[in-house]
Amino acid sequence: MFDLLRKYLLSLLVTIGLLVALIIYSLNLPDAREANWVERAVGSILSPVLGPVKWLGTLPDRIWHDYLNLVQVRRENMKLREDIKTLNQSLVAAGELLQEHERLKRLLEMRKTVHEPTVAAAVIGEDVAPWFRTLTIDQGSSSGISDGMPVLAAGGVVGQTIKVTPNSSRVLLLTDHASGIAGIIQRSRARGVVKGKGEAVCSLEFTMREEDVTVGDLVVTSGVGGVFAKGLPIGTVTMVKKGQYGIFQSVAIKPAVSTAHLEEVLVVLRAPRE
Amino acid sequence: MRAFLKALCIVVAVVAFQSAVLPHYLEPAFKPDLLLVLMVFLALRAETSVSLPAAYGLGLLKDCLSGIYLGLNAFSFLVVYLVLKSVSERLNVQSCLLFVLTVSAATAASAAINLLLLLVFSQTPTLFAALLNQLLPHLLVNAFVASLVAAVPGCGSLRTSP
């Protein structure tokens, strides 16, 4: 009997082992997604060890890649820097184009409201003295421009052309001391002359005391004088002062167009009346 | 001829820089008057036969790029030049400090002459206040530019011998 048992012991143990393994497997099937006590024990023991071991195991690799073999990284770094530079330039160029597009779009909208032929011009220079306000534009008599023509921008009136040469003209801004444009308060139809004051502000002069002018009123061209068509925006009233004496009131106007950084303007090909 | 072309290139560069580049970065009151600095430089350090027509020409050039009154700056530049030239022989024209002071004085004098002419010959009553407001920063900026010019080593080439 013992001989028989000894003869088949190994096979028996293997079979029992297989059976036990199969039973364990089958018993764990219903809770296959949960860790049993064996798995929990193994996990608890190994988890503190695995991290440092992995760190140590990959140390040579990291030393090689991070410290010794940096030629590739340096090359890649330089390439990425170049890429960033190129992308930044493209971004700036795209932003510039977008802004130009917006400006030209507004200028085109203004052009639609003018029922006379116009010439678009770029601003190429500004007055060299601090107390005068003129601009130089890149279109002149060869484009049909002559002295005294109205110059507009997206927001409204900019000024009028002076000293026209074949390929360039100067624009006397409405903020210059020598500028005077017949204006009218859009709401109350009070009349006056918009005079420049040298800085980013104008004044509406010769407006009678009894005329109705309030802060926020829009001042437009009156069409008197024949240079500007009627109804073009000049600016907004920012201050009204009526003194005790005198027949006129003091009215300050903020121009509708900021002339500080103008880049494109429209010259209306409208010969001034003699 | 070569000297004339060189001077012309310098003037064109100065004018382009002052008219097209500086206004992009600076407020009007802080724009330096490079043509005036050049005129003072010539008045102090160049021969009369060259500097006299140059001073008037620079003034005319400025008038072509500023305001609407042709001849205004030409006149004021000429007056300032003549005054400077008349006293330059008694001054140490090699001094950098003198150059800075002269440019400051020339700025004030030129503005005063311009104002006087405008008040006498044209209707610009509001100009007085604007000019007074902006004169001090303009003068300081001109003095600063003059100090930079005086510090440039090559600027001594036109100096007269003591």
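The values are calculated or read from the model by the stated rules, or taken from the named source; none is laboratory data. Because the structure is predicted, anything quoted here is derived from the model rather than measured. Positions of Cβ are generated from backbone atoms using ideal geometry, with glycine treated the same way; all protein chains shown enter the neighbour counts. The area values use the complete protein model at the heavy-atom level, side chains included, leaving out ligands, DNA and RNA. Shrake-Rupley method; radii C 1.70, N 1.55, O 1.52, S 1.80 Å.
A few comments on the model shown:
- Residue match in segment B:127-134 (condition: open to solvent by less than 40 Å² (accessible area, probe 1.4 Å), away from chain A (no Cβ under 12 Å) and on the phi < 0 side of the Ramachandran plot): no
- Filtered by the rule that a residue be within 11 Å of chain B (Cβ to nearest Cβ) and either part of a strand (DSSP E or B) or open to solvent by 50 Å² or more (accessible area, probe 1.4 Å) (or both), segment A:174-208 gives A:G180, A:K195, A:G196, A:K197, A:E199, A:A200, A:C202, A:S203, A:E205.
- Selection over segment A:155-169 of residues that are open to solvent by 10 Å² or more (accessible area, probe 1.4 Å), in contact with a strand residue (DSSP E or B) (Cβ under 7 Å, 6 or more places away or on another chain) and within 14 Å of chain B (Cβ to nearest Cβ) gives a count of 4.
- Positions within segment A:249-274 being surrounded by fewer than 19 Cβ atoms within 10 Å (Cβ to Cβ), within 14 Å of another protein chain (Cβ to nearest Cβ) and among the hydrophobic types (A, V, I, L, M, F, W, C), in sequence order: A:A252, A:A260
- Test for A:G144: is it over 30 Å from B:L140 (Cα atoms) and either within 14 Å of chain B (Cβ to nearest Cβ) or in contact with a Pro (Cβ under 7 Å, 6 or more places away or on another chain) (or both): no
- Segments classed as helices (runs of 4 or more DSSP H), wholly inside segment B:1-115, with at least 1 members that are touching a Lys or Arg at 6+ places or on another chain (Cβ under 8 Å): B:22-25, B:34-45, B:48-65, B:72-88
- Residues located in segment A:95-154, provided they are under 22 Å from B:L65 (Cβ atoms) and either of a type in the set (D, E, K, R) or open to solvent by 80 Å² or more (accessible area, probe 1.4 Å) (or both): A:I124, A:E126, A:D127, A:R133, A:D138, A:S142, A:D147
- Among the residues of segment B:17-43, the ones that are over 24 Å from B:L131 (Cα atoms) and either without any contact (Cβ under 8 Å) to a residue 12 or more places away in the chain or within 12 Å of chain A (Cβ to nearest Cβ) (or both) come to 0 in all.
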